[in-house]
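The values are calculated or read from the model by the stated rules, or taken from the named source; none is laboratory data. The model shown is predicted, which means the values in this text are computed figures rather than measured ones. Because the Cβ atoms are built from the backbone with ideal geometry, glycine has one as well, and the counts that use them run over all protein chains shown. Each accessible area value is taken on the protein alone, full model and side chains, heavy atoms only, with ligands, DNA and RNA left out. Shrake-Rupley method; radii C 1.70, N 1.55, O 1.52, S 1.80 Å.
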Amino acid sequence: MHDRDFRPASSSNAAAWKSRQVPHKGQVGTLALLLCGWLCAAPDPASAQDAVSPNDQLDQIIVTARKREERVQDVPISMTVLQGDKLNISPIASNADLARAAPNFRFVDLGGQSTNFANVRGVGSFSPVASDDTSVIYYVGEVPQSVYGASPNLVDLDRIEILRGPQGTLFGRNTQAGAVSIVPNRPVFNETLSGKGEAGTNGYGVAQIVGNATVVPDRLAARLALRYATFGGDIPNVAAGGTDGGLDVGAARGSLLFKHANSTEALLMFSYGREHTHSPRFLLRDTPSFPISATNPRTDVDSETIGVNLKADHRLDAFTLTSLSSFQRNNSTQLLDLTDGLVFARVSGLPASFFNIPGADVADLDLREKQYLQEFRITSPNGAPLIWTLGVNYFRSELDSDRNARAVTPAFLNANGIQDNRFTTNSYAIFGEATAPITDRLDLTVGLRGTHERKTASYRFSGNGLPGVVPASSQDADFADDFATGRAILRYRWSPDVITYASVARGFVSAGFPVISVNSASGKPDDIFPASTSWTYEAGFKSTLLDGRLMLNGSAFFNDVRNGHLAAFLPSQGVFTMAAVDYESYGAEIEVVAHPAAGFDLSGGLGYTQARLKNVAPGHPTGAKSGNDLPNVPSLTANFSAGYRWSARPYGLAGDFSGRIVYQHVASRAADVINSFNLAAYNLVNVRLGWENGGIGLYAFANNLFYKRYETWGQSFGPVPTVRVGQGRILGVGAAFSF
């Protein structure tokens with residue numbers, strides 16, 4: 001009997017996983033009081049039986065983490081899957097809110113042009129110096145997103161799969177730490193229309209509509225999703241006036257699904273995203289009025305992403321042939337006042353007004369990138385004795401980076417001048433992975449990917465006539481590299497509902513060129529930053545218990561990273577330079593989901609990570625030292641969610657009431673590679689209470705209920721710590737419909 005004999009015969013008796021996190025210290029007492037009060041106001045579960053489904057089993061979740069459909073509980077990879085109510089992610093803080101929903105996953109919220117990067121289990125850059133300088137790649141519909149693009153469009157989704165550990169075998173380049181796979185809803189062959197609107201404090205608002213239609217019965221279906229979100233800001237600016245921290249987000253996705261018989265289908269998808277924000281990057285931390293900004297002009301960042309991709313599948317008896325084609329254009333502009341008056345008054349001892357002269361110390365950055373991708377792969381049918389995937393992949397990036405900076409403050413001398421830089425990347429890969437049974441219950445997965453890359457760089461610089469700045473400089477460079485990534489996984493199936501696994505994986509982040517030159521103003525060339533390599537060792541278990549009402553998963557890991565792509569901030573230029581140093585991280589995560597009673601769901605997760613530098617040469621130019629903590633890596637992340645649905649009829653209303661409370665914790669973490677200071681730990685509580693009947697819903701919500709002005713990122717200007725701050729409390733109401 002092979003492993004496939006242990007699989008459930010149908011989805012009705014298969015329990016799987018919806019993940020969320022467990023609470024930690026801090027405001028747990030307050031959270032408990034809120035939760036108890038909310039539950040006491042609702043009827044007991046027994047009296048609500050007539051308003052909910054009698055089936056308390058967890059819903060089955062199907063994922064494509066290994067480029068094929070599988071039950072999440074069968075996949076020997078540590079992963080968090082968000083689906084259903086767990087996809088209620090803030091549209092004005094999508095990446096940050098998403099990261100807090102999974103243990104050992106951290107979005108690096110430093111602002112500016114870099115929006116799509118993170119670290120997982122302590123592995124990953126905390127400030128990329130190139131568009132692919134990241135160890136975690138976001139994918140939308142299997143298409144990789146640029147670091148410099150707008151945040152992924154999280155409207156109208158089926159699920160989000162957050163994969164921990166190297167994913168280079170099947171997902172490809174620069175997934176050394178993990179991958180985030182965002183799976184939009186596909187068109188279906190019926191007519192539906194849904195929408196929602198929200199309004200809240202500090203100018204918060206959301207408008208969204210999603211429509212689906214059959215164009216040709218059983219042949220062609222179409223779907224369109226639109227969203228606009230806005231936030232007015234909540235950080236006073238004493239130099240330019242008004243408030244900073246505002247944000248406008250527009251998103252659109254259109255898709256067409258074509259089906260021919262039962263063997264061929266094609267999905268064409270168009271997506272558009274735009275973000276415009278004036279959230280400051282460097283706020284004086286130690287001030288009684290925190291948070292407060294003193295930039296003039298205020299920080300202004302505008303990012304736009306346009307993408308189109310076509311995925312086609314043709315099923316044969318022996319395998320399925322898949323083609324994935326995509327084009328993506330990313331534009332990002334950033335206007336940055338280099339000298340916040342409050343910060344530099346503290347640094348220099350001069351009055352703040354000295355640094356608040358408009359146009360005196362300003363950098364204007366413009367990034368334009370085009371990405372092309374083509375992949376072909378063949379995949380064996382599920383249930384075959386040997387499960388396998390083979391493929392080839394081509395990726396190309398064309399990036400233009402222009403910066404015009406003028407700085408009269410002597411500390412920013414090297415930031416002066418006009419940069420006109422051009423970069424190309426061509427990447428070719430062949431990959432394969434196979435799973436074979438060893439015994440009835442034990443199987444082995446082995447995967448390998450070989451990649452050839454070639455990169456070119458062209459730097460052009462023109463001085464602006466200020467003393468100490470060269471009139472002009474130029475540099476042309478290129479390099480090629482060949483590298484391999486892969487993994488091996490042993491999985492043992494104790495029963496249809498319990499597996500254990502152990503794996504080893506090779507991770508890689510390619511070498512490259514910084515998109516902003518550090519040395520052009522002095523007439524010196526910039527160096528290529530080196531490739532980063534890693535080995536990751538993991539052991540874990542997945543279990544579904546109590547007749548399908550409880551899911552419990554856990555894993556432990558160790559990462560050994562060479563030339564890890566961190567970064568060091570250069571206050572004299574307001575830019576980051578590569579700090580390629582060795583480090584290691586180890587820890588564990590555990591996740592639980594339960595349906596203890598009809599209408600009642602609980603979920604939670606806890607992540608623990610220790611990550612430190614090692615093998616750092618004495619006197620390293622960045623100031624890094626062996627034994628220092630990795631920046632932006634909390635030792636503990638936690639999350640807890642509780643939801644309840646009960647009948648409104650005892651209160652004289654039709655329909656149901658529903659409520660949800662979410663608690664999130666992030667521990668303190670080092671701000672930079674030299675550990676100049678620690679960002680404070682924080683706890684967030686979000687609550688929501690609503691009523692639904694016949695496709696109509698009304699609700700009220702509070703995000704960051706206790707108004708915590710938490711620190712998301714930090715950097716020192718000499719002895720003066722500066723931070724970026726998260727959004728404060730938002731109270732609001734909403735209405736939704738679905739037909």
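Odds and ends about this structure:
- There is at least one residue in the stretch 572-589 that is surrounded by fewer than 24 Cβ atoms within 10 Å (Cβ to Cβ) and over 27 Å from the mean Cα position of the chain (by Cα).
- Pairs, first farther than 17 Å from VAL470 by Cβ in the stretch 408-419, second part of a helix (DSSP H, G or I) and open to solvent by less than 50 Å² (accessible area, probe 1.4 Å), C-beta under 8 Å, six or more apart: THR409/PHE344; THR409/PHE355
- The set of residues in the stretch 681-720 being at pLDDT 95 or above and within 24 Å of GLY122 (Cα to Cα) consists of ALA681, TYR682, ASN683, LEU684.
- Failed item, numbered, when SER401 is tested on (1) assigned to a strand (DSSP E or B); (2) small (Gly, Ala, Ser); (3) open to solvent by 70 Å² or more (accessible area, probe 1.4 Å): (3)
- Only residues that are under 18 Å from ARG487 (Cβ atoms), touching a Phe, Trp or Tyr at 6+ places or on another chain (Cβ under 8 Å) and of a type outside the set (D, E, K, R) were counted in the stretch 436-461, giving 5.
- Residue in the stretch 668-712 that is surrounded by the fewest Cβ atoms within 10 Å (Cβ to Cβ), counting only those that are touching a helix residue (DSSP H, G or I) at 6+ places or on another chain (Cβ under 8 Å) and assigned to a strand (DSSP E or B): LEU689
- Residue in the stretch 113-127 that is touching a helix residue (DSSP H, G or I) at 6+ places or on another chain (Cβ under 8 Å) and in a loop (DSSP other than H, G, I, E, B) present: yes
- Every residue from the stretch 73-91 that is in a loop (DSSP other than H, G, I, E, B) and within 21 Å of LEU689 (Cβ to Cβ): ASN88, ILE89, SER90, PRO91
- Of the set (1) open to solvent by less than 40 Å² (accessible area, probe 1.4 Å); (2) in a strand (DSSP E or B); (3) under 17 Å from LYS524 (Cβ atoms), all apply to SER474 but (1).
- All told, ASP560 meets the bar of being part of a strand (DSSP E or B) and either over 30 Å from ASP526 (Cβ atoms) or open to solvent by 10 Å² or more (accessible area, probe 1.4 Å) (or both).
- Boolean, LEU731 is surrounded by fewer than 19 Cβ atoms within 10 Å (Cβ to Cβ) and modelled with pLDDT of 95 or more: yes
- Checking each residue in the stretch 41-70 for being outside any loop (DSSP other than H, G, I, E, B) and at pLDDT 90 or above picks out ILE62, VAL63, GLU70.
- Within the stretch 330-369, considering residues that are out of contact with any Ser or Thr (no Cβ under 7 Å at 6 or more places or on another chain) and among the charged types (D, E, K, R), the one surrounded by the most Cβ atoms within 10 Å (Cβ to Cβ): ARG346
- Among residues that are open to solvent by less than 40 Å² (accessible area, probe 1.4 Å), in a strand (DSSP E or B), within 30 Å of GLY468 (Cα to Cα) and in contact (Cβ under 8 Å) with a residue 24 or more places away in the chain, PHE569 is included.
- Total residues in the stretch 133-184, condition within 14 Å of the chain's Cα centre (by Cα), of a type in the set (D, E, K, R) and open to solvent by 10 Å² or more (accessible area, probe 1.4 Å): 1
- Residue list for the stretch 477-496, restricted to those being among the acidic types (Asp, Glu), open to solvent by 50 Å² or more (accessible area, probe 1.4 Å) and touching a Lys or Arg at 6+ places or on another chain (Cβ under 9 Å): ASP478
- Of all residues in the stretch 246-266, those that are in contact (Cβ under 8 Å) with a residue 60 or more places away in the chain and farther than 16 Å from ALA150 by Cβ have Cβ atoms under 8 Å from Cβ atoms of residues that are among the acidic types (Asp, Glu) and open to solvent by less than 50 Å² (accessible area, probe 1.4 Å), 6 or more apart or on another chain, in LEU257/GLU265.
- Taken together, ALA638, ALA654 contain a single residue that is modelled with pLDDT of 95 or more and more than 24 Å from the chain's Cα centre (by Cα), which is ALA654.
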